[in-house]
Amino acid sequence: MSLFREVPDDFRAGFACFVGRPNAGKSTLTNALVGTKIAITSSKPQTTRHTIRGIVHRDDHQLVLVDTPGLHRPRTLLGSRLNDLVADTLRSVDVIALCIPADEKIGPGDRYIAEQLADSRGSTPVVCIVTKADKVDRAGLVEALTAAGELMDFADIVPVSAVDDFQVDTVDEVLAKHLPLSPPLYPDGDITDEPERVLIAEFVREAALEDIRDELPHSLAVQVEEIRPREDRPEDRPLMEVYVNMYVERQSQKAIIIGRGGSRLKEVGRKARKHIEGILGTPVYLDLHVKVAKDWQRDPRALGRLGFEFE
Ligand SMILES: Nc1nc2c(ncn2[C@@H]2O[C@H](COP(=O)(O)OP(=O)(O)OP(=O)(O)O)[C@@H](O)[C@H]2O)c(=O)[nH]1
Ligand SMILES: [Mg+2]
């Protein structure tokens, strides 16, 4: 049996890429379009650190979304590497969606991105997505749309609110118009090409960083140790056991994550479990372990063990 379904001759499939400055709402919109959380989001800029593909399945098309790290004028090596990553991505997609938040004035950051697009997009169409429409009133939205339209020559301009589910389907339809005729690129039911283990580790990292990021800047690494079905469960009521290790650098940070009487760790587990269940499609028993790995950021062997690979 084929994993791919029969499709009509006029089926379309291809890639769209979200770009925009940090915090513009790219990952939140990716999740809304896919219908399941696959990308972590936060109110702090530079949350996304690598490109993530999300797959939207419709009767007449399949849209593969590539969510990218926020683009900005680079100040550090990491920043310039992230920008290179985005530039490479632009060259391999069928349509580019530039995200601009409705509640912020267009600034040098957006102009910088528009210049980059003019340089590297070739003949790829660019659609403007005015995000966070729920944060402004009608007049504010008209103003944001007008200002966006003056930034560059767009194939379309679409306002959207991922939070209020306003026009999310329209974004999908507008992007799908630019896809080539093609059979599906991914099997039915696939919503991302991220490995499950990576997603699960990211969800735990997001939940842990949500309210304690300032105390734990870059000192947290998360690794999934094991995912296994609990034995002796009836076939129609499976339970997945997920074992996760969280590494911090100091004993004091371990105490922060665990919290008074384990309260913080419990809350991290509760938040992360909800998203993990969404991905695995079954109830989950989540076991979180906090360990101290002294100076792991500086120790190549520790980095290797934690799944960081460098060329
Ligand atoms: N009110 C409202 N807030 C939104 C909407 N979309 C995103 N946000 C918020 O904006 C913040 C940034 O969202 P992200 O999706 O992480 O932004 P991003 O563009 O992926 O950011 P980077 O990965 O850092 O480039 C989060 O606090 C979101 O909750 C929206 O439609 N409405
Ligand atoms: Mg993001």
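Consider just the alpha-carbon atoms of the chain and return their Rg together with their Dmax, both in angstrom.
Just the Cα atoms of the chain yield Rg and Dmax of 20.8, 63 Å.
Per-residue HN-Hα couplings for the stretch 169-183, Karplus 6.51 cos²θ - 1.76 cosθ + 1.60 at θ = phi - 60°, whole Hz, x for Gly and Pro?
5, 5, 4, 4, 5, 5, 5, 5, 4, 8, 7, x, 4, 5, x
How high is the relative contact order of the stretch 10-176, in percent, with contacts defined as C-alpha pairs under 8 Å that are six or more residues apart?
24 percent
Kindly put Tyr186, Tyr285 in sequence by how many other C-beta atoms sit within 10 Å of each C-beta, fewest to most.
Tyr285, Tyr186
Using the Karplus equation 6.51 cos²θ - 1.76 cosθ + 1.60 (θ = phi - 60°), what ³J(HN,Hα) coupling, rounded to whole Hz, does each residue of the stretch 138-152 give in order, writing x for Gly and Pro?
Rounded to whole hertz, the list is 4, 5, x, 5, 4, 4, 5, 5, 5, 4, 4, x, 8, 6, 6.
State whether the stretch 125-192 is rounded, prolate or oblate according to the following rule on the C-alpha gyration tensor (a ≥ b ≥ c being the square roots of its eigenvalues): a/c under 1.5 gives rounded; otherwise a/b larger than b/c gives prolate, and the remaining case gives oblate.
In terms of gyration-tensor shape, oblate.
Measure nothing fancy, just the Cα-based angle from helix 263-280's long axis to the longest principal axis of the chain, in degrees from 0 to 90, nearest 10.
50 degrees
Among the lysines, which fall within straight-line cross-link reach of Lys26, defined as a Cα-Cα distance under 18 Å, with same-chain neighbours fewer than 8 residues apart omitted?
Lys37, Lys44, Lys105, Lys132, Lys135
Would you mind checking which residues have amide H under 5 Å from Phe166's amide H? H placed 1.01 Å from N; only 5 or more apart, or other chain.
Here Ser161 satisfy the definition.
Which shape class, rounded, prolate or oblate, goes with the stretch 10-176 when its Cα gyration tensor gives a ≥ b ≥ c as root eigenvalues, a/c under 1.5 marks rounded, and past that a/b bigger than b/c marks prolate?
Note, shape of the stretch 10-176 comes out rounded.
Compute the label zone of Thr282 within the stretch 230-263: residues whose backbone N is under 14 Å from the point 7 Å along Cα-to-Cβ.
Hits in the stretch 230-263 for Thr282 at 14 Å: 230-243.
Could you work out how far helix 77-90 tilts from the main Cα principal axis of the chain, as a 0 to 90 degree angle to the nearest 10?
Once rounded, one gets 50 degrees.
Taking the Cβ of Ala147 as the centre, find all other residues whose Cβ is under 13 Å away and add up their charges (Lys, Arg: +1; Asp, Glu: -1).
-3
About the Cα centre of the stretch 194-304, how large is the charge dipole given +1 on each Lys and Arg Cβ and -1 on each Asp and Glu Cβ? Please answer in debye to the nearest 20.
For the stretch 194-304, the charge dipole is close to 420 debye.
How large is the dipole of the chain about the Cα centre if only Lys and Arg carry +1 and Asp and Glu carry -1, each at its Cβ, rounded to the nearest 20 debye?
In total the dipole reaches around 1520 debye.
Could you please report the charge total around Ala16, scoring K, R as +1 and D, E as -1 over all other residues with beta-carbon less than 11 angstrom from its beta-carbon?
For residues surrounding Ala16, the net value is -1.
Kindly express, to the nearest 10 degrees and within the range 0 to 90, the angle between helix 108-120's C-alpha long axis and the longest C-alpha principal axis of the chain.
So the helix axis and the longest Cα principal axis differ by about 70 degrees.
Please give the charge dipole size of the stretch 10-176, origin at the Cα centre, charges +1 on K and R Cβ atoms and -1 on D and E Cβ atoms. Round to the nearest 20 debye.
880 debye
If I take every Cα pair under 8 Å that is 6 or more residues apart in the chain, average their sequence separation and divide by the length, what percent do I get for the relative contact order?
Taking the mean separation of contacting Cα pairs over the length of the chain, I get 18 percent.
Where a number appears in this text, it was derived from the coordinates with a stated rule and is not lab data. All figures in this text were calculated on a predicted structure; none of them were measured in a lab. Heads up, the Cβs are rebuilt from the backbone with ideal geometry, glycines too, and the neighbour counts pull from every protein chain shown.
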